[in-house]
Structure formats: structure tokens, C-alpha cells
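All of the numbers you see were taken from the coordinates with simple rules; none came from a lab. Computed from a predicted model, the values in this text were never measured in an experiment. Cβ sites come from the backbone with ideal geometry, for glycine too, and all protein chains shown count toward neighbours.
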Amino acid sequence: MEKDALLLGVPADRMVSLYGTTPPRADAGLEDVARAAERLADRVRALPIDGLVVYDVQDEATRTSIRRPFLPTIDPRHYSRQLHQLTGKPTVTYKCVADMTRADWSPWLAETHRDYGIDHLSLVGLPSSRGATSVLPLSEATRLAATHLAGFTLGGVAIAERHGHGRNESERMLRKAADGCRFFISQAVYDAETTIRLLTDYARDCAREGVTPRRVILTFIPCGRARTLAFIRWLGIAITDATAASIFADAAPLSRSIAICRDHLQAILSQDYVRTIPLGLNVESVSIYKDEIDASIDLHHALHDVAREFLNTPAAGL
């Protein structure tokens, strides 16, 4: 089977299943980081996942004026290595290239492969093009990483909210694929219609260009607190006021958010593009609160039930 048809060893005709997390805070001690990794490993051990996602959460000052609602985190590569050692699962490690130079990039890639054992990267650029420039453009960083001797499997982000608002995210995905991206991970979905529109156009554009669609991994996240809502909105995730109100008006807000995510996935999977675009699921856990962390496990099970229903996938995995 061709390498491009595989992601984390999963063929294109099966959904990829991932669990995403943010690294511990930069001021956490080594023992605290180790405990966090052990707790996460215990949490996901019984889940039928193909791998983990470790985010590189950067300052969003160029995109939003809202003050950063959290402290900086440790190097995602360090956390990825720990999680891989504890779980035996591969990791997809995010890297923001906005602070890299051309001279630094190749050594960083070599170090990432040699010292951390990472071979799946998801590259992101500046959160906004307004008033800022990157020393190393994302397109160039992707091309350099794609031809690196380490043989990285590269991914990128897909943001449905910016598709159709003066920007064509589908065409951006085509360009990123041409640069070397072999998969995309979406921003967390709280609006099914924007995701449906993007995937519909992406399937159409791939057919027009005569190229095979890259895998698109759909991200979902539970939300049961106003503080969590503020954080994920700060990340750029679009949750309408009406959706937020319906979550917090419910006596069980986390159950309500899981139900909303289920409904969104059902709508997304009911479209024709599921026959041509390889898909995947990624459940994020970005909360420090136990009930929201537990809800991420419940959400994982709920979404996989939907996927099995719509895609007739085997119960042992996707």
C-alpha cells in the first residue's frame, strides 16, 4: 500500500481515531509533568485509539485582542515522547513555525526525529496574517519538512470557519497537500454546516484537479463551563451564543454539549463526500476539571457509536 494511503498505520478505508491534549504548563516540575502523562495514559488505555495529538498552543495576539487565558506550556515534543513511552501509541505533534528561521528549521527537524522519536507532525503558521510576518512561511516549512531525511508524515490544520468568508480553505488544503501535507486536523467542530460546506467543496475541488483527497480528521471537544467556553473561543473555535446558551441552560451542560457534538457528527457523516474523503475523529481534552476530562471519554464513545452507525465500521475500531 502506498505511504500516502496510511496514517499511523491506518489505511484510507478506515477512520483514524485520535485523542488530543495540551502539554502541561511551562512552570510544572518534572514530577508534575510525569504524573500528568501517567494520568492521561491511564485514561486512554482502554480506548480504541490509533494515536494521540499533542498541541503547540501559541500566543494568539495577532488574531484576537483577548488576553491569553493560560500560561505557556512545556515543549510539546517532550510530552509527546512521554506519552508514546507510556501508551505505546504514536503521537501527532503540533509545531507552530511562526517563530522559526530557515537556519533553525532543519536542525529542529533533525533533533525532533533523533531525540524525541517523533515522525508525525502537524504544522501551523501564524494565527492571523494581520500585522505580522513569519520569518519562515508555512508553505516553505512544509516543503522542507516533506523532503527531510527523517521521512516525516506531515499534517496541517483545516479551519471551516474561514471557508467562504473571503478565503477559500479548500484551495488552501490543496496547496498544503501539494507542499507535502498528507492529512488535516480540523479545528473543533461546533457548527456542522461550515464543516459540511468545506468538505463538500474539498471533495469537488479534488475531483476537478484529479488528486486524491487527503484524510480529514474531525475534532470535537466537550464544554461544560463558562471558563472552558472562553478558552476554546480564544483558540478561535466558533460557538454561537445560541449554542452556548443551550449548553448552560441545561441541568447537565456536559451531557448537552456531547449531544450537540453527536448531532453535528451525524449531519457531517450523512453527506456524499464520505465515499471519497478519508476521515478520522479526534476528541480534545483541554480542561483541568475532572468532570470535563471524564466527559471527553464519554464523548469519544458517543462519537464512535455515531461513526459505526453511519459508516458500518467494525466495533473493535474505526
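Note down the nm distance, to one decimal, between modelled labels 7 Å out along Cα→Cβ at Arg227 and at Arg197.
3.5
Between Ala251 and Gln271, take the C-beta separation as r, use R0 = 25 Å, and let me know the FRET efficiency to the nearest 0.05.
0.15
Compare the Cα positions of Thr93, Gly180, Leu235 along the charge dipole of the chain (+1 at Cβ of Lys, Arg; -1 at Cβ of Asp, Glu; about the Cα centre) and return the one farthest towards the positive end.
Gly180
With 10 angstrom as the radius, rank Arg262, Arg39 by how many other C-beta atoms surround their C-beta, starting from the fewest.
Going from least to most buried by this count: Arg39, Arg262.
For Ala110, project a label point 7 Å along Cα to C-beta. Then give me every residue of segment 142-166 with its amide nitrogen under 19 Å of that point.
Within reach of a label on Ala110: 142-153.
If each residue's Cβ is checked for other Cβ atoms within 10 Å, how do Cys181, Cys223, Cys96 rank with the fewest at the top?
Fewest to most other Cβ atoms nearby, the residues stand as Cys96, Cys181, Cys223.
How large is Rg over Rh for the chain, taking Rg from the Cα atoms and Rh as the Kirkwood inverse mean of 1/r across Cα pairs?
Here Rg/Rh amounts to 0.93.
Can you sort Leu40, Leu83 by how many other beta carbons sit within 10 Å, fewest first?
If I rank by nearby Cβ atoms, fewest first, I get Leu40, Leu83.
Compute the distance in nm between two label points, each set 7 Å from the Cα along the Cα-to-Cβ direction, one at Arg175 and one at Ala26.
3.0
Could you give the alpha-carbon Rg of segment 232-299 over 2.2 N^0.38 Å, rounded to two decimals?
Working: Rg = 13.7 Å, N = 68, 2.2 N^0.38 = 10.9 Å.
Here the Cα radius of gyration is 1.25 times the empirical estimate.
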